[in-house]
Amino acid sequence: MMIAFKVKALICQGKINHFKRHLLLATTNHRCRHTKSNSYKLLSYRPPDWASQLQMIPLVKVKLFQPFTPIHKWSLPNIPDDVDIYIKRDDMTGSVLSGNKVRKLEFLLGEALATGCQAVITCVGVQSNHCRTTAVAAKQLSQVQGVTDRFDDVILTVGSGGTAAGVAIGNFLTGSHLRVHAFAVCDTAEYFHSHINETLNSIGLGDTVRSHDIINIHEGARGLGYGISKPEELEFIKTVAQQTSILLDHTYTGKSALALTNELRKHRSKIKGSRILFLHSG
Ligand SMILES: Cc1ncc(COP(=O)(O)O)c(C=O)c1O
């Protein structure tokens, strides 16, 4: 079905509670305008077999980005010799629509389109890329490769818990047996475990598995607090950019990559494998 969509993203930035942070509200239920230049394809969504028993499965989505982002070896500085780090480049999901946010926006904006919404309102943390990505995706609507190698551990950054919940639950359901580690840039490990447990309850897996069984949440990445950088963090981001040509940001991936290097050197018992995949979330 082709549908026309004119949408505005109204952005309210500020420190608000995590429950609301990533809730995308589609509002003002007017009929969509049909103009040639604003045509966009609404696709029906069928989940993969391993996800078919979940509750609350979206029925539709829109295509916003290239999901098969590259994975390549990453010579992160100060890593023990017996560890190989790879990086999954979700910073390359698109030239403007980059990062982890587009993966969920495909479903949220699909639902907004399907229900005839004309505007979306999203609430996010001050430093979140979600804000920018939603605005760009909304504007866009109004107008790889795979590596098959096995990894031992996957590392990601946790800010609100959405990405962590998605990767951990996907890993569990597909039986991939990766160890999933999330480095928190705010709040506590227990806060995020309870968020993931709520997600498990809401999709009907609450009696099957609990958050502690499917993800390790590390607290070593927060530093001085959400969005506040230490000089050594900025220095690390600069070194990584100079040595590896990978640009990390100072709120999320810079902090988690630095915490990963510290973890590997100081507390090796937590990350046991030697083939590690770091998710560059944009
Ligand atoms: C670059 C980047 N990485 C990681 C995260 C954290 O993802 P989540 O909010 O799903 O925990 C964000 C969130 O804004 C982000 O912008």
* Give segment 219-237 a look and list any residue that's surrounded by fewer than 12 Cβ atoms within 10 Å (Cβ to Cβ) and not hydrophobic (A, V, I, L, M, F, W, C), or say none. => Gly225, Pro231, Glu232
* To do: Could you tell me whether any residue of segment 177-187 is part of a helix (DSSP H, G or I) and either surrounded by fewer than 18 Cβ atoms within 10 Å (Cβ to Cβ) or on the phi < 0 side of the Ramachandran plot (or both)?
  => no
* Asked: In segment 223-282, what count of residues is obtained for those that are within 24 Å of Met92 (Cβ to Cβ) and part of a helix (DSSP H, G or I)?
  -> 20
* Asked: Is it true that Ala182 is touching a helix residue (DSSP H, G or I) at 6+ places or on another chain (Cβ under 8 Å) and within 11 Å of the ligand (Cβ to nearest atom)?
  -> yes
* Structure fact -> Among Ile169, Ile155, the single one that is within 16 Å of the ligand (Cβ to nearest atom), within 18 Å of the chain's Cα centre (by Cα) and over 17 Å from Leu248 (Cβ atoms) is Ile169
* Kindly indicate which of Leu42, Leu64 is modelled with pLDDT under 95, buried (at least 20 other Cβ atoms within 10 Å of the Cβ) and either within 14 Å of the chain's Cα centre (by Cα) or on the phi < 0 side of the Ramachandran plot (or both). => Leu64
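The values are calculated or read from the model by the stated rules, or taken from the named source; none is laboratory data. Not measured: the values here are computed from a predicted model. Every residue, glycine among them, receives a Cβ derived from its backbone with ideal geometry; neighbour counts consider all protein chains shown.
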